[in-house]
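Notes to accompany the following structure.
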Amino acid sequence: MTHAGRSWMFAGATALALTLQFSGGSSAQESNPLEVSKTATMTQVDAPVDGQRLFEASCSTCHGVDGQGTENGPSLEGVGEASADFQLRTGRMPLSNSTDQAVRKDPAFGDEHIQALVDYVGTFGDGPPIPEVDLESASLVSGQVLFIENCAACHGATGAGGAVGNEALAPGLSTASEVEIAEAMIVGPGQMPPFDFTEAQRNDLVNFIIYLRDEPRPGGADIGGIGPVPEGFVAWLVGLGSLIVICVFIGSHRKADDDGQDAA
Amino acid sequence: MLKWIDERLGAAHWARKGLKKVFPDHWSFLLGEIALFSFIILLLTGTYLTLFYRPDAAPVIYDGPYQPLHGREMSAAYESVLRLSYEVRAGLVMRQIHHWAALVFVASIVAHMVRVFFTGAFRKPREINWMVGVTLLVLAIGMGFTGYSLPDDLLSGTGLRIAYSAVISIPFVGPYLGFLVFGGEFPTEGIISRLFVLHVMLLPAIIIGLIVAHLAVLWRQKHTQFAGKGRAESNVVGKAFWPQQFFKSFGLMLLTGAALALLGGLVQINAVWSYGPFDASAVSAPSQPDWYVGWLEGAIRLFPAFEPTILGVTIPSMLIPAVVIPGIGFTVMALWPFIEQRVTKDRDAHHILDRPRDRPARSAIGMGGILYVTLLTIAGGNDVLALTFNVPIEAMVWFLRIGLFVIPVIGGFITYRLCTEMQESGAQPARRRRGVRLRRNAEGGFEEVSRD
């Protein structure tokens, strides 16, 4: 029916129109296709959100009506609530072009709808639930060790992100919520492999990643915190650049050439 | 007092002559001085760092204020750098000024060298000083690399591992050489103290010696100058060392120190604590060397995984990018004055500088060389640039692999054409007044006014 490249939004808008028709169009909204979820929220004020219907409207184009997968998207059997919650809350899904790498954007759905979809995807099989994060007794030291050994190779020692090849980028870790970070370790979204950490290790890691954000920077402006590449740019442009300007200023008194002296 | 000294050393004649030494006036002649003054800052801050740094790989337990590493086992070297950064008064700012000064030091050497190359200041009789200069550049890079390796954090250890691979990639002698230099198979306990000796004693001593030689030869041979009114091959027109040039240079020294201190105080560089202690099983991405080794890193990144076996000897893929290319590059650079003499058959002494446009072939080759090194340096940071500009890293690698052969040629060709066109267009095309003068007429329209 629909091929890769066709926007999920059109599918969503079509489904919404159908919904409105069937429910008699309780209140005629200004139907801006870009505000599908908002409109949907308003049309269904008192009725509980129907996860299945929402899934069929917004996800089934690629993942299949029962989440069995199509040629445009993987099967969701057994991915669990953790995966659905991660993908939806970070706005990675729905994806407008199934060949692109899913990146963080504003979530397409409100809280209630995400919850409904997550619950519905959870019924597809026996997948991991949304993890609980408890930083009460988490260790910074163990978090640092685990982070350098497992995460820094792609996300960088400061969590700034990096290019991992295969046309994929490991995102920076400064915006993900605690639960999202934990979910990513369990789920392994995109190119990222799933990690088999214990709950304590996961908490330590989340703790360290959160720490990295507010880490004091005693050295001043951190210019990206990714080491020698920006440092080299600053050394040339700011360091040598300012000194060359000074040189031009010092060496530019042309008038004085006339009273120069001869030697030799 | 001065008389007392003069009577014993006969210094008055020498000093009087020295103070009257003439310095031609052009801003680009000051680039080398930036290098000299950065080096002085390096010596001063480096001395301070040496007071607190421990060149020791022995394991210790960290109990300083940086929380994530609390209780971790690490080398005494890394621990002392953390202590320098977090506990020693002014330690971090000294470390940062030192590191910024190192980056600017090598950058100013390169800028100075580019000036000397494009103006033909290396021609007879200055070939010796050119070669001293190339040696100084190599030693400065060596200083930078040894210094980069001393903190013994994850990043510097990664750099050392690459250096080790480069050494052992040399056929026949490589593995022996690797053992000799590193004192065993990487990672070794002894390498930190060896690098330390190189970094704080041997290399600075040689660099100071060569800087003295560089300046002595300059003093003896006198300055080159651009062509101009009253200037000839037989004279030098400019300011006397005392007082004019002295105060210019002294001012530049203070401003160099000020610029480096500002950078060191305001901009973080090499936050060693975030990498953690070196661990041979871990790596962080992005991992880059400092900029002046970036071209070498880039060559390694671009070179295909190609390891032919010739007559039973496997040629490791590291050999060509990490040993052969730099070897050829620096050799050609050092011998350039002689190569040019051989080609142009110009064996006369020159004290008047060339304008780059008057030697289009040399300028084109120089531009090609600069582009080549720049592309390699870009390749050295390809993962950072891929992330920053959101382009696939594979596409970038292939663009650079091909560009490495194409872009320098195109750039050289454009330079050649620009040079010849500038020659034809007159004496100072760069200072020509640009644009046309317009006058608004009574009807509200505009008309061009001829320039007089």
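The values are calculated or read from the model by the stated rules, or taken from the named source; none is laboratory data. In this text, all values refer to a predicted model and were calculated from it rather than measured experimentally. As a convention, Cβ positions derive from the backbone with ideal geometry for all residues, glycine included, and neighbour counts pool all protein chains shown. Note: accessible area is taken over every heavy atom of the protein model, side chains too, but ligands, DNA and RNA are not part of it. Shrake-Rupley method; radii C 1.70, N 1.55, O 1.52, S 1.80 Å.
For the reader, a short list of remarks on this structure follows.
- Residues being within 14 Å of chain B (Cβ to nearest Cβ), under 18 Å from A:Ala176 (Cα atoms) and surrounded by 14 or more Cβ atoms within 10 Å (Cβ to Cβ) are entirely absent from the stretch A:109-128.
- Subset of the stretch B:88-105 that is away from chain A (no Cβ under 11 Å) and farther than 19 Å from B:Gly144 by Cβ - its residue that is most open to solvent (accessible area, probe 1.4 Å): B:Arg89
- Which numbered condition B:Pro321 fails, given (1) surrounded by 20 or more Cβ atoms within 10 Å (Cβ to Cβ); (2) within 14 Å of another protein chain (Cβ to nearest Cβ): (2)
- Condition check for A:Gly260: facing chain B (nearest Cβ under 7 Å), in contact with a Gly (Cβ under 6 Å, 6 or more places away or on another chain) and at pLDDT below 90: yes
- Matching helices (runs of 4 or more DSSP H) fully within the stretch A:51-124 where at least 2 residues are of a type in the set (A, V, I, L, M): A:51-58, A:80-89, A:111-122
- Any hit, the stretch B:75-84, residues being touching a residue at least 12 places away in the same chain (Cβ under 8 Å), among the acidic types (Asp, Glu) and more than 27 Å from B:Phe338 (Cβ to Cβ): yes
- The set of residues from the stretch A:181-221 being touching a Ser or Thr at 6+ places or on another chain (Cβ under 6 Å), of a type in the set (Val, Ile, Thr) and within 15 Å of A:Leu146 (Cβ to Cβ) is empty.
- Across the stretch B:364-395, the number of residues qualifying as in a loop (DSSP other than H, G, I, E, B) and surrounded by 18 or more Cβ atoms within 10 Å (Cβ to Cβ) comes to 1.
- Whichever residue in the stretch B:1-51 is part of a loop (DSSP other than H, G, I, E, B) and open to solvent by 60 Å² or more (accessible area, probe 1.4 Å) and, among such residues, is nearest to B:Tyr78 (Cα to Cα): B:Leu51
- When the helices (runs of 4 or more DSSP H) confined to the stretch B:149-215 are screened for residues that are over 20 Å from B:Thr50 (Cα atoms) and either among the charged types (D, E, K, R) or within 14 Å of another protein chain (Cβ to nearest Cβ) (or both), those reaching at least 1 such residues are found at B:154-168.
- Taken together, the residues in the stretch B:222-270 that are of a type in the set (Ser, Thr, Tyr) and open to solvent by 60 Å² or more (accessible area, probe 1.4 Å) amount to 1.
- Just one of (1) crowded, with 19+ Cβ neighbours inside 10 Å; (2) farther than 26 Å from A:Pro193 by Cα; (3) at pLDDT 90 or above fails for A:Ala84. It is (2).
- Test: residue in the stretch B:338-345 that is within 14 Å of chain A (Cβ to nearest Cβ) and either open to solvent by less than 50 Å² (accessible area, probe 1.4 Å) or touching a Cys at 6+ places or on another chain (Cβ under 9 Å) (or both): no
- Some residue of the stretch B:248-266 being more than 7 Å from chain A (Cβ to nearest Cβ) and in contact with a strand residue (DSSP E or B) (Cβ under 9 Å, 6 or more places away or on another chain): yes
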